[in-house]
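Chemist: Handing you a structure now.
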Amino acid sequence: MNKSVTAIVLRGEDYRDFDKKLKLFCENGDIMRVIIRGVKKPGAKLRFAAQPFAFCNFELSGRGNEAYVVTGAMVIEDLFRVSDFAIFSAGCVMLEAAERACEIQPNRELFILLLRRLKDLLYGDYNPLIPAISYIQNAIHKSGYGYVYDPPVSNPNTVMELLACTENLSAKFYADEALIRRTFDKIATRFESKFLCSLVSKSYI
């Protein structure tokens, strides 16, 4: 059976000599596992579609209970050519949070929000941790574990004030780097506690 999905690549792992297994975050909020063949060969045409952050329309083929195989891919938007290590690391944390939250319960809102926060990360003028904080806290909220915040302030001085600012990223604000780091550590730890996991990428931040 053939099908087409729009998805973001969350991660890939080596499989056989030249293939990879990918985890895709699909636009309907599902996490899907697929195989992409030959992408470790020099000059492989689909190499671009096997990278984390690749946002593509994937053509798939599968039979019975076998994993789908990627037969084609078309880039929708270039979200994966990231050269800044801080931006890359913050993005990886978001991919991990999306994977964990939506493996437990698919959530289309978190797919849409991931696209928005990756664009904030790549094209906005934020500290890279700000979009990551926003995405992680929304993954917590949309999975049923929420806070009620006071209205955001332009110059937050506490973790809770900063979380009020990052929930929607709808207004400009200023926060010092130490507060941003404390807030990231707080919300990442809360995510790990709620979802019983470890966000491995946060160790690179």
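Chemist: For Rg and Dmax of the Cα atoms in Å, the listed values are (i) 17.7, 60; (ii) 17.7, 56; (iii) 18.6, 67; which was obtained by calculation from the structure presented?
Modeler: This structure yields the entry labelled (ii).
Chemist: Still on this structure, please answer the following. If I stretch the segment between Asn168 and Ser4 completely, what's the gain in nm (0.36 nm per residue apart, minus their alpha carbon distance), one decimal?
Modeler: My answer for the length gained is 55.9 nm.
Chemist: Taking each full run of DSSP H in the chain as one helix, which ones are at least 20 Å long along their axis (Cα atoms) and have mean Kyte-Doolittle hydropathy of at least 1.0?
Modeler: Long hydrophobic helices here: 85-104.
Chemist: Positive end of the charge dipole of the chain (Lys, Arg +1 and Asp, Glu -1 on Cβ, about the Cα centre): tell me which of Val69, Leu199, Ala171 has its Cα farthest that way.
Modeler: The one lying farthest along the dipole's positive direction is Val69.
Chemist: Ok, one more. Taking 7 Å along the Cα-to-C-beta vector as the label spot, tell me the Phe85-Lys119 distance in nanometres, rounded to one decimal.
Modeler: Spacing of the two 7 Å Cα→Cβ label points: 3.0 nm.
Chemist: For a quick check: sort Lys41, Lys23, Lys194 by the number of other beta carbons within 10 angstrom, fewest at the front.
Modeler: Exposure proxy ranking, most exposed first: Lys41, Lys194, Lys23.
Chemist: Right, another one. Can you tell me the relative contact order of the chain? Whole percent, Cα pairs under 8 Å, sequence separation 6 or more.
Modeler: Reported as a whole number, the value is 17 percent.
Chemist: Under 5 Å between amide hydrogens, which residues at least 5 positions from Ala54 or on another chain qualify, with H placed 1.01 Å from N in the peptide plane?
Modeler: HN-HN under 5 Å from Ala54: Val9.
Readers should treat all values here as calculations from the given coordinates under stated rules, not as data from a laboratory. No experiment lies behind these values; they were computed from the predicted model shown. Every residue, glycine as well, gets a Cβ built from its backbone with ideal geometry; the counts of neighbours run over all protein chains shown.
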